[in-house]
Amino acid sequence: MPHDERDGLQLGLFMPNCSNMYAISTYRTGPDEWPYESNKRIALAAEDAGFDFLFPVSRWRGFGGKTDYLGLSQETMTWAAALLAVTETLKVYSTVHVPVFHPLVAAKMGATLDHIGQGRWGINIVSGWSKEEFGMMGIELLPHDQRYQKTAAFIEILK
């Protein structure tokens, strides 16, 4: 049965699009830890296994230290474009931080991604929480309630 005709539970994968995502007792270093090719192989295997969607973590800055947890990452809009182009049935999500993206830019990028994936693209909209992450872009982290008000307005504009 086609994925879009299923009712109920759908199965997806949190993808390793950032470094050290699944490291528990060991870690790897180097820029080739989770390259696109690894994500592509995982996506194709997930599609062959009948999974429904792929979901990325979105980070702009790692946590530093010896492992620099999530220090290397693939931006999720371009990541989705690449995976939508090589898959046929999986829905592929992008995680979008409201403080970073203008809603009209996100809408235009999303429309292009939806075209590439023939209706298989989805968006995960997040309000953000990391003062350090947004501070490096000169973006002030607003108080909780203001962030969610801004997110509500973002969604309204996006629609």
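The values are calculated or read from the model by the stated rules, or taken from the named source; none is laboratory data. Note that the structure is predicted; figures quoted are calculated from it, not measured. Cβ: placed from backbone, ideal geometry, glycine included. Neighbour counts: every protein chain shown. Just so you know, the surface numbers come from the protein's heavy atoms only, side chains and all, with ligands and any DNA or RNA stripped out. Shrake-Rupley method; radii C 1.70, N 1.55, O 1.52, S 1.80 Å.
So TRP34 passes all but one of these: (1) modelled with pLDDT of 80 or more; (2) open to solvent by 70 Å² or more (accessible area, probe 1.4 Å); (3) closer than 23 Å to VAL96 by Cα. Which condition number does it fail?
(1)
Pairs under 7 Å by beta carbon, first residue at pLDDT below 85 in segment 46-75, partner of a type in the set (Asp, Glu) and part of a loop (DSSP other than H, G, I, E, B), six or more apart or different chains?
GLY62/ASP68; LEU72/GLU33
Out of the residues in segment 80-120 that are among the polar types (S, T, N, Q) and more than 18 Å from GLY12 (Cα to Cα), which is nearest to the chain's Cα centre (by Cα)?
Among those residues, the one meeting the criterion is THR112.
Among the residues of segment 116-137, is any among the aliphatic types (A, V, I, L, M) and assigned to a loop (DSSP other than H, G, I, E, B)?
Yes; the residues of segment 116-137 include at least one that is among the aliphatic types (A, V, I, L, M) and assigned to a loop (DSSP other than H, G, I, E, B).
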